[in-house]
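S.K.: Here it is, the structure, as structure tokens.
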Amino acid sequence: PIFNQCRYASHTPMLVAFSIAVLAGMGVRLILNPKAQRLFLKASIPSLIIIVIVGIMLFLQMDAKTFSLSLKASLFASFLVILFLAILFLRDRGWIHHKTLALVLPAIFFFELFCYIHRERPHRFDSFGVVPYIEMLKSSPERIRSYGNFWAFYPNTASGFQVDDLGFFFGLAPKRFVHFVNTLIIRDHFRNDLRPPALRSIPIQNREDLFDLLNVKHIITPATDDFQKHFPHFENPAVRYPLVYAQEVKIYERPSAYPRAFIVHRALWESDDNKSLAILAGMKKYLRQVAVINYPVHPKLTNALKGSPATDNSQARIIKYTANEVGIIVKMENPGFLVLADAYHPDWKA
């Protein structure tokens, strides 16, 4: 019943199995500790409770089609429980040394895991094979982000293929990005509740300027549906976003998206987090020319920008992009700032 409250109950068995594996490791460590005493008695009560619960479940499921399989698995599990209780009994009596257990226990684990191995050879497939539209995204000469419908561009799948997706699922979202999304994109989208952190297939109302700032170059939808059905909040997409790919999915290009790295010659300084986001919200079309810097005013840098034009031919080009390092070649005609459209982290060093 508790697991029914989880949003993704289908993932629960794996979490339970992982938790049991961790507990098993803790139990083995305790068994191998020569100072631990009366382990048989301590283990008998929970073991008995487990066997009773299994027996009750078998009784309730007697009419199920899978009862024979459940009975077979339960007998095997009960055998393992009794085997470990016997080992603990021998250990507590001093009839088996804890060093001998260091050899016996891995042998039992090996036997148990060996029993679960498929006796046939199941077909293996490449989890990250060649996908035409993914190859199209990866062929881009510049570093870009994409954003798509839930099934056409499943969050986190992009990570396996090494393409950048604005959406994510079950991720550790940087705190500043959470604040950015909750304030500017979708009010209070991330909450302190049981829902997993995710950003996918959600309307981002009338904030195309932020899509530009976030370097979202491509919008991806199912091949059988139209753009407007899944992204009704975009302004006149049929005219603004040309269709550049139409096979297993449809890919629309956003020509207005900013580069991942670019140069600006104007800056606004604001040390307060909320006020700096409020400034961003009001800038809209000026985000490409002005950086909002979340820091107190720096007079020396402010004076250095006074002689710079609003725009010039300064350029920034990413030549290396990894999880821990970004290499950028920059050509500056006038003093300015290099903007990298990634989430900030205090451990970064420039």
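S.K.: Which of Ile20, Gln37, Val52 sits closest to the plus end of the dipole of segment 3-114, meaning its Cα is farthest towards the positive end, when Lys and Arg get +1 and Asp and Glu get -1 on the C-beta?
M.R.: Result: Gln37, furthest along the dipole toward the positive end.
S.K.: Of all DSSP beta bridges in the chain, what percent run antiparallel (nearest 5)?
M.R.: Taking every DSSP beta bridge within the chain, about 65 percent pair in antiparallel fashion.
S.K.: Angle between the Cα long axis of helix 98-115 and the longest principal axis of the chain, 0 to 90 degrees, nearest 10?
M.R.: It works out to around 70 degrees.
S.K.: Here's a follow-up. Taking a 1.4 Å probe, which of Ser140, Ser68, Ser19 shows the most accessible area, and what order do the others take after it?
M.R.: From most exposed to least exposed: Ser68, Ser19, Ser140.
S.K.: Considering only protein heavy atoms and a 1.4 Å probe, what is the carbon-and-sulfur percentage of the accessible area of the chain?
M.R.: Roughly 62 percent, rounded to a whole number.
S.K.: Continuing with this model, one more query. What is the packing order of peptides 56-63, 129-136, taking the mean over residues of other C-beta atoms within 10 Å and listing the highest first?
M.R.: 129-136, 56-63
S.K.: Give the ranking of Thr221, Thr183 by solvent-accessible surface, highest area first, calculated with a 1.4 Å probe.
M.R.: Most to least solvent-accessible, the answer reads Thr183, Thr221.
S.K.: In addition: On the full set of protein chains, 1.4 Å probe, figure out the accessible area of Leu30 and give it in Å² to the nearest 10.
M.R.: 90 Å²
S.K.: Hey, can you find the accessible area per residue of segment 65-174 for me, probe 1.4 Å, expressed in square angstrom?
M.R.: 69 Å²
S.K.: Just need the relative contact order of the chain here, percent rounded to a whole number, with Cα pairs under 8 Å and 6+ apart.
M.R.: 12 percent
S.K.: Just the accessible area for Arg38, please: 1.4 Å probe, Å², rounded to the nearest 10?
M.R.: Roughly 150 Å² of Arg38 is accessible to a 1.4 Å probe.
S.K.: Does the chain classify as rounded, prolate or oblate by the C-alpha gyration tensor (a ≥ b ≥ c root eigenvalues; a/c under 1.5 gives rounded; else a/b over b/c gives prolate, otherwise oblate)?
M.R.: Prolate shape, in that a/c is at least 1.5 and a/b is the bigger ratio.
S.K.: Ordering His98, His265 from largest to smallest accessible area (1.4 angstrom probe), what's the sequence?
M.R.: His98, His265
S.K.: By its C-alpha gyration tensor, with a ≥ b ≥ c as the square roots of the eigenvalues, how is segment 266-349 shaped: rounded for a/c under 1.5, else prolate for a/b larger than b/c, else oblate?
M.R.: Because a/c hits 1.5 or more and a/b fails to exceed b/c, segment 266-349 counts as oblate.
S.K.: Among Lys217/Lys320; Lys138/Lys285; Lys306/Lys331, which pairs are too far apart, with a Cα-Cα distance over 24 Å?
M.R.: Too far apart for the 24 Å limit: Lys138/Lys285.
S.K.: For segment 69-164, with the dipole built from +1 on Lys and Arg beta-carbon atoms and -1 on Asp and Glu ones, taken about the Cα centre, which of Cys115, Leu75, Ala152 lies farthest toward the positive end?
M.R.: Projecting each Cα onto the dipole axis, the largest value belongs to Leu75.
S.K.: Still on this model: What accessible area per residue comes out for segment 216-350, rounded to a whole number of Å², with a 1.4 Å probe?
M.R.: 60 Å²
The values are calculated or read from the model by the stated rules, or taken from the named source; none is laboratory data. Quick caveat, the model's predicted, so the values are computed rather than measured. Here Cβ is always computed from backbone atoms with ideal geometry, including for glycine, and neighbour counts include all displayed protein chains. SASA here: full protein model, heavy atoms, side chains in, ligands and nucleic acids out. Shrake-Rupley method; radii C 1.70, N 1.55, O 1.52, S 1.80 Å.
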